[in-house]
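Asker: Let me give you the structure first, and then I'll get to my questions.
A short reminder: the numbers here are calculations on the coordinates, not readings from a lab. As the structure is a prediction and not an experimental result, all values here were calculated from the model. Ideal geometry is used to build each Cβ from the backbone, glycine not excepted, and the neighbour counts take in all protein chains shown.
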Amino acid sequence: MTLTKVWLDGSDKPEDISSQNSAAARQLLCCGALCCDGSVTFHPDGKEQHIGDPTETSIIVAAHKNGMEQEQLNQEYPRLAEIPFDSGRKLMTSVNRIDGKNIVIVKGAFDMMASRCVKGDIEAAKRMNEQMSRNALRVLAVGYKEIAEVPAEPTSEELENGLTLLGLVGMIDPPRPEAKAAVATCRRAGIKPVMITGDHVVTASAIAGELGILEEGDRAITGAELDAMTDEQLDKEVEHISVYARVSPENKIRIVKAWQRKGQVVSMTGDGVNDAPALKAADIGCAMGITGTDVAKGAADMTLTDDNFATIVDAVREGRGIYANIRKVVGFLLGTNIGEVITVFAAMLLWHKTPLLSMQLLWINLVTDSLPAIALGMEPVESDVMDHKPKPKDEGIFAHGLGLRVVLQGLMFAILTLTGFVVGEKVTGTLAGGQTMAFLVLSLSQIVQTYNMRSEHSLFKIGLFSNHKLNWAVLASIILVCLVLFTPVGIAFGLVILPGKLYLLGLGLILVPVLVMEFSKACGLIKHQR
């Protein structure tokens with residue numbers, strides 16, 4: 001937040017902030033700095049450490065540029081009393097001893113100050129406030145008055161009336177370069193960004209328009225307009241309102257609940273004490289880690305350590321990637337295990353023979369359900385994950401046909417395994433030969449299936465070997481399978497050495513899942529969620 005303009009009562013145009021502002025501008029900055037609770041530490045290397053509200057620290061920095069140090073001002077003009085800022089009044093007041101007089105200094109929103117000033121060109125100030133707001137400046141008014149005695153218990157009614165308008169200060173909080181792109185990503189992902197601010201509605205609209213939050217057909221309203229709406233009216237209009245300005249803490253909760261009544265998942269960000277109720281009411285409360293108060297952090301579900309909106313969008317992207325990977329792993333494990341169950345059940349039913357011994361089944365599960373499944377869960381987030389719509393709250397993990405696909409894939413593994421079992425037994429003339437062939441086909445086809453489950457896009461589109469963790473896991477699994485197929489260890493598993501032509505047939509069978517899955521993806525039988 002940087003203070004860039006100062007307008008003095010009676011002047012025609014605002015004055016740019018520099019290191020050599022006019023005496024009147026310096027007086028305004030001096031009064032503004034005295035009525036601030038924030039602080040700024042200036043380090044010798046040119047860096048600044050801001051503590052407190054960014055609006056206040058921007059005033060302190062502007063005063064510093066003109067040679068007025070905050071600590072020196074506070075010593076020279078000590079504060080005698082104060083009325084802290086609150087979101088209802090949108091004002092802050094301090095009483096300082098200046099040149100032997102008790103001076104009340106009030107700073108705050110112009111629309112709250114205008115009715116409290118008895119001296120000054122209010123109409124000119126109103127026009128300047130509108131002009132500065134249209135230029136995306138946050139505008140504060142500063143006024144003062146002299147009192148004879150400092151009240152023991154200062155009240156707003158006593159101190160914040162009968163003021164003389166000193167002028168206006170305009171500050172800008174330029175959007176971060178990544179913010180506009182993050183907002184665009186949100187809209188592409190089916191997430192509606194809404195701005196809730198204490199700024200003037202014109203300022204908020206200008207910034208929201210620049211960021212892409214306020215688009216054609218969207219509305220910007222004030223807290224007063226929101227107060228005039230019933231819950232029924234708000235429910236009807238809420239989807240078309242993108243900016244709420246000059247809001248109260250109660251307004252924020254109403255906005256959150258209105259969206260929740262629409263069945264939406266609502267994330268609320270905030271940093272102040274007044275944001276805590278809305279952070280608590282939201283489905284996901286997100287507090288600011290740098291500027292956020294302890295109350296806001298305590299009420300929130302998560303804390304944003306860098307106070308960057310784009311980080312929230314990155315978190316959504318990672319969350320969607322994690323959920324997608326969970327679906328992949330669940331689909332893979334269930335599909336392969338259903339295949340094992342159908343294989344054993346069908347063989348016993350048809351031929352009263354077991355195609356796989358218990359030791360062989362345990363080894364297959366050890367090999368396929370461990371390293372490849374874990375590596376599949378580490379699949380990188382797909383590039384188009386933010387092009388999908390958010391999933392409904394009541395959507396199950398087996399939505400979009402995953403449950404049916406799991407069963408069909410299990411049936412595919414069973415058919416391939418039983419085919420290998422029948423051919424192996426017929427060629428070798430032994431049950432052990434058939435079981436060996438069934439073991440080879442089932443174990444290696446399941447390993448190949450981990451690649452098919454990586455994405456609902458074609459495997460060749462995302463890159464056959466782009467998941468390096470999966471590559472190493474598959475290599476380790478193949479070595480473990482070969483260990484029992486081609487070494488004396490296989491004797492303990494009831495396996496035998498097969499003729500070469502059976503190994504070639506087995507190779508063909510284990511590649512069938514790739515052809516089936518690629519055909520399904522190409523024909524749209526496996527549709528990427530949109």
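Asker: Any chance you could run the full-extension gain for Leu464 through Leu404? It's 0.36 nm times the residue separation minus the Cα-Cα distance, nm to one decimal.
Answerer: 19.1 nm
Asker: Counting other beta carbons within 10 Å of each residue's own, what order do Trp259, Trp351 fall into, fewest first?
Answerer: Trp351, Trp259
Asker: Hey, which of these cross-link pairs are over 23 Å Cα-Cα: Lys280/Lys389; Lys65/Lys90; Lys192/Lys461; Lys13/Lys119; Lys192/Lys393?
Answerer: Working: Lys280/Lys389 25 Å; Lys65/Lys90 27 Å; Lys192/Lys461 30 Å; Lys13/Lys119 19 Å; Lys192/Lys393 16 Å.
Those over the limit are Lys280/Lys389; Lys65/Lys90; Lys192/Lys461.
Asker: Another question, if that's okay. Amide H to amide H under 5 Å from Gly162: which residues, 5+ apart in sequence or cross-chain, H placed 1.01 Å off N in plane?
Answerer: Under 5 Å from the amide H of Gly162 lie the amide H atoms of Val118, each far enough along the sequence or on another chain.
Asker: Could you check the simple spin-label distance between Ser22 and Tyr323, using points 7 Å along Cα→Cβ, in nm with one decimal?
Answerer: Here the modelled spin labels are 5.7 nm apart.
Asker: Using the reciprocal of the averaged 1/r over all distinct C-alpha pairs, how large is the Kirkwood radius of region 213-335 in Å?
Answerer: Taking the inverse mean of 1/r over all distinct Cα pairs, region 213-335 comes out at 16.1 Å.
Asker: Can you tell me the 0 to 90 degree angle between the C-alpha axis of helix 249-261 and the longest principal axis of the chain, rounded to 10?
Answerer: 30 degrees
Asker: With an 8 Å cut-off on Cα pairs and a minimum separation of 6 or more residues, tell me the relative contact order of the chain in percent.
Answerer: Relative contact order here is 9 percent.
Asker: In what sequence, highest mean first, do 263-272, 26-35 appear when ranked by Cβ atoms within 10 angstrom? The partial results should precede the final answer.
Answerer: Values: 263-272: 19.3, 26-35: 23.5.
Highest-to-lowest ranking by the protection proxy: 26-35, 263-272.
Asker: Could you pull out every one of the lysines with an alpha carbon less than 28 Å from that of Lys353, ignoring same-chain neighbours closer than 8 positions?
Answerer: Partners found: Lys426, Lys501.
Asker: Please arrange Phe398, Phe309, Phe413 by how many other C-beta atoms lie within 10 Å of their C-beta, fewest to most. Numbers along the way, then the final one.
Answerer: Numbers: Phe398 15, Phe309 20, Phe413 24.
By the 10 Å Cβ count, ascending, the order reads Phe398, Phe309, Phe413.
Asker: Next question. At a threshold of 8 angstrom on Cα-Cα distance, excluding pairs fewer than six apart, so keeping six or more, what relative contact order does region 104-250 reach in percent?
Answerer: Numbers: 218 pairs, mean separation 35.3, N = 147.
Here the relative contact order equals 24 percent.
Asker: Further question on the same structure: Mind putting together the pair-distance distribution for the chain? All Cα pairs, 20 Å bins, whole percent per bin, short to long.
Answerer: 18, 35, 21, 17, 8, 1
Asker: Additional query: Before rounding to the nearest 500, sum -39500 (n - 2.57) across all DSSP H runs of length at least 4 in the chain and divide by the residue total; then give [θ] at 222 nm in deg cm²/dmol.
Answerer: The helix-only estimate for the chain comes to -15500 deg cm²/dmol at 222 nm.
Asker: Right, something else. Would you please give the FRET efficiency between Ile478 and Ser358, computed as 1/(1 + (r/R0)^6) with r the Cβ-Cβ distance and R0 = 30 Å, to the nearest 0.05? Mind dumping the intermediate values first?
Answerer: Values: r = 22 Å, r/R0 = 0.75.
Once rounded, the FRET efficiency stands at 0.85.
Asker: Could you work out the local net charge near Val104, counting Lys and Arg as +1, Asp and Glu as -1, over the other residues with Cβ closer than 15 Å to its Cβ?
Answerer: Once all neighbours under 15 Å are counted, the net charge is 0.
Asker: Let me ask something else. Give a residue-ordered list of calculated ³J(HN,Hα) values for region 380-396 (Karplus: 6.51 cos²θ - 1.76 cosθ + 1.60, θ = phi - 60°; whole Hz; x for Gly, Pro).
Answerer: Working through the residues one at a time gives x, 4, 5, 5, 9, 5, 8, 9, 8, 6, x, 7, x, 4, 8, 6, x Hz.
Asker: Okay, moving on. Within a 10 angstrom radius of the beta carbon, how do Thr354, Thr417 rank from fewest other beta carbons to most?
Answerer: The fewest-first ordering by Cβ neighbours comes to Thr354, Thr417.
Asker: By a straight-distance test (C-alpha under 15 Å), which aspartates and glutamates pair with Lys101 as possible cross-link partners, with residues fewer than eight away in the same chain excluded?
Answerer: Glu76, Glu146, Glu149
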